[in-house]
1. How high is the relative contact order of the range 2-81, in percent, with contacts defined as C-alpha pairs under 8 Å that are six or more residues apart?
2. Amide H neighbours of THR24 under 5 Å, counting only residues 5+ apart in sequence or on other chains, H built in-plane at 1.01 Å?
3. Among residues other than ALA81 whose Cβ falls under 14 Å from its Cβ, what is the net charge (Lys/Arg +1, Asp/Glu -1)?
4. For the range 1-92, state which GluC sites (Glu not before Pro) are in a DSSP loop and have at most 14 other beta carbons lying within 10 Å of their beta carbon.
Amino acid sequence: MIRNGCGPTSQQALSQDTPALGITSNLVNWLHVSAVATAGAGLRMHAYRLKPEALPATGMQRLANPSFRMAAGKVSEYITANEAAERFPAFIQSCLAGVTISTNGHGGSTTPENERRCRRVRSLSR
């Protein structure tokens, strides 16, 4: 699969045991594709350095190597075993356990434990 490096398209490809070629043009995509490449499940190319005529030789032919499909399969197994959609609600509940949320606009409890949990949730949303 050829993609621009965004997370959802990578996960779609990898969840189907398909290696991915990420053509990146920004830091966020570069970081994401770097993780895929480090796992051996794909390749990273920078859009500004890529010559379209070289794409078949440099990217697609290299991805035909069976090692990329095997690595994509391992990533697929990990994605399946760690289904985020199923685990996320329980994670948020554990982060917010004991946190008092006010509905009167004056904020909730500010105990040290609540502050720690709120910092944790905020850091995950960045």
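1. That works out to 36 percent.
2. MET45, HIS46, ALA47
3. -1
4. Here the GluC sites (Glu not before Pro) that fit, given the DSSP loop and packing criteria, are GLU83.
Computed from the coordinates by the stated procedures, all read-outs in this text should not be read as laboratory data. What you are looking at is a predicted structure, and each value in this text was computed from that prediction instead of being measured. Cβ atoms come from the backbone with ideal geometry, glycine included; neighbour counts cover every protein chain shown.
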